[in-house]
Structure formats: structure tokens, C-alpha cells
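This report refers to the structure that appears directly beneath it.
The values are calculated or read from the model by the stated rules, or taken from the named source; none is laboratory data. Here the structure is a predicted model, which is why all the values come from computation and not from measurement. Using ideal geometry, Cβ is built from the backbone for each residue, glycine included, and neighbour counts are taken over all protein chains shown.
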Amino acid sequence: MRLAPIPNTLDRLKGDAKYSRIIIAILLFVVAVLAVSLSNKSTTTVLLPPVKIDKEEWVTKNDASFGYKKSWALFAAELIGNVSPGNADFVLSQIQFLFSTGIYRDLVTILETQVKEIKQEQISTRFYAKSVEKHPETNKLFIVGDFETASTSGKTVKSQRTFEFEVEIKNGFPEITFFNAYQGIPQTQGVKK
């Protein structure tokens, strides 16, 4: 029986164990560095806004590019501006996801009254957006377009209408924090700064 190779093998095993401990220590350090860097990194997610955009836009936890906010304001104007007796309740239920709780209660009171009127008088409204303007000092968005009100008798009333929005990003989600709708061109004079 040959016992001579055994000490040689034991020495080699001790050396391998020493190198293994060093490698494990290095790997633990690398894992710790990666864990810290991942916990400090904000996640980037590709989102598709409700309206087609022609260039890349960005969204962070509390802010977004103008194009992204514009697409949400345009979507809200299209939703609110196109109401019929058949979809009035649906539109009313869907806007709750777009508006902040601060203005939603007041807005719903107004819209519920309009929904009753639309159903009673069998009126349909249509909105055709023509332009989007931004007030540079307040970041208000003005969606301007043609507004039609049609009754079942066939009478149609056409006018220019402006939907005014402030869109903020809260925890990565768009939220409309200001809303106004009126006939005519955008009222930028006297806009609070």
C-alpha cells in the first residue's frame, strides 16, 4: 500500500481550500456591491400612452416629458368630449382613473348632471381635437378642437371648444390635477403662474 501520495494530496487540498475561501470572499463582495447598486437604481419601463406618439418620451416616478403628458390630456379630452346616451355611464366610470381625488368629486357632480341631461334629451357630443398648446409658465395643456352637439331631431350645434388640463405624474402614473372646459380659444391671459 502506498501512503506517500496521501500527504501530497492533503497539502493540495489545503491549498485548494485556501483559494476557495478567497474566491468565496471576492464573490460575496461582488454580490454585496450588486445588491446595493440594484437597490439604488430606479426602474425604467417602456410605456405606451393612449395616443400614438412619433418620438420617444420618458416617465419617471414624479415627472414625464411634455409629449407623454400631452397624450394623456388628449386622451381625456377625447373621452370627455365624445359622449352619447349609450356610453355616458361608461365615460363617467372611466374618468375616475384619470383625475386626482382633489378635483374628482367636484367634477363628478358636474358630469353626473350633464349625463342626466344627455340621457333625458338624447343628446350626443363629439369632439374633434385640432391642436394642443402648452402654457410655458404653468405647464397647462390646452386641447382645442371642434365640438358638436347633436340631438335625435337632427339639430347639430357646432362650436370651438377648449379643454384645459394640468397633468402631473405621481408614483409613475399620470394624474389630471386641474381641468376646465369652455367654448372658444385657450384663455391664457390671467393664468396663475
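Could you check the stretch 117-136 and list, in sequence order, the residues that are part of a strand (DSSP E or B), free of Cβ contacts under 8 Å to residues at least 24 places away in the same chain and under 15 Å from Val83 (Cα atoms)?
Start the filter on the stretch 117-136 by keeping residues that are part of a strand (DSSP E or B), which leaves 123-134.
After this cut, where a residue has to be free of Cβ contacts under 8 Å to residues at least 24 places away in the same chain as well, the list is 128, 130-131.
Within the stretch 117-136, Tyr128 is the sole residue that qualifies.
Evaluate the stretch 85-95: report whether one residue or more is touching a Lys or Arg at 6+ places or on another chain (Cβ under 8 Å) and within 17 Å of Ile176 (Cα to Cα). Walk me through it before giving the result.
Filtering the stretch 85-95 for residues touching a Lys or Arg at 6+ places or on another chain (Cβ under 8 Å) gives 85, 88.
Imposing the further condition that a residue be within 17 Å of Ile176 (Cα to Cα) reduces the set to none.
No: the stretch 85-95 contains no residue that is touching a Lys or Arg at 6+ places or on another chain (Cβ under 8 Å) and within 17 Å of Ile176 (Cα to Cα).
Here's the yes/no breakdown for (1) at negative phi; (2) of a type in the set (A, V, I, L, M, F, W, C); (3) out of contact with any Phe, Trp or Tyr (no Cβ under 6 Å at 6 or more places or on another chain):
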{"position": "Gly67", "(1), (2), (3)": "yes, no, yes"}
{"position": "Ala73", "(1), (2), (3)": "yes, yes, no"}
{"position": "Ala77", "(1), (2), (3)": "yes, yes, no"}
{"position": "Gly81", "(1), (2), (3)": "yes, no, no"}
{"position": "Ile95", "(1), (2), (3)": "yes, yes, yes"}
{"position": "Ile110", "(1), (2), (3)": "yes, yes, yes"}
{"position": "Lys116", "(1), (2), (3)": "yes, no, yes"}
{"position": "His135", "(1), (2), (3)": "yes, no, yes"}
{"position": "Thr149", "(1), (2), (3)": "yes, no, yes"}
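State whether the residues of the stretch 137-147 include one that is part of a strand (DSSP E or B), over 25 Å from Phe66 (Cα atoms) and either among the β-branched types (Val, Ile, Thr) or touching a residue at least 40 places away in the same chain (Cβ under 8 Å) (or both). Give the derivation first.
Of all residues in the stretch 137-147, those part of a strand (DSSP E or B) come to 141-147.
Now restrict to residues that are over 25 Å from Phe66 (Cα atoms): none.
The answer is no, given that none of the residues of the stretch 137-147 is part of a strand (DSSP E or B), over 25 Å from Phe66 (Cα atoms) and either among the β-branched types (Val, Ile, Thr) or touching a residue at least 40 places away in the same chain (Cβ under 8 Å) (or both).
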| Considering Glu137, Glu133, Glu148, which residue is of a type outside the set (S, T, N, Q), modelled with pLDDT under 90 and farther than 18 Å from Phe99 by Cα? | Glu137
| request: Determine which member of the set Thr113, Thr177 is over 30 Å from Lys61 (Cβ atoms) and either without any contact (Cβ under 8 Å) to a residue 24 or more places away in the chain or part of a strand (DSSP E or B) (or both). | output: Thr113
| In the stretch 104-130, what count of residues is obtained for those that are modelled with pLDDT under 90, closer than 26 Å to Ser71 by Cβ and not acidic (Asp, Glu)? | 8
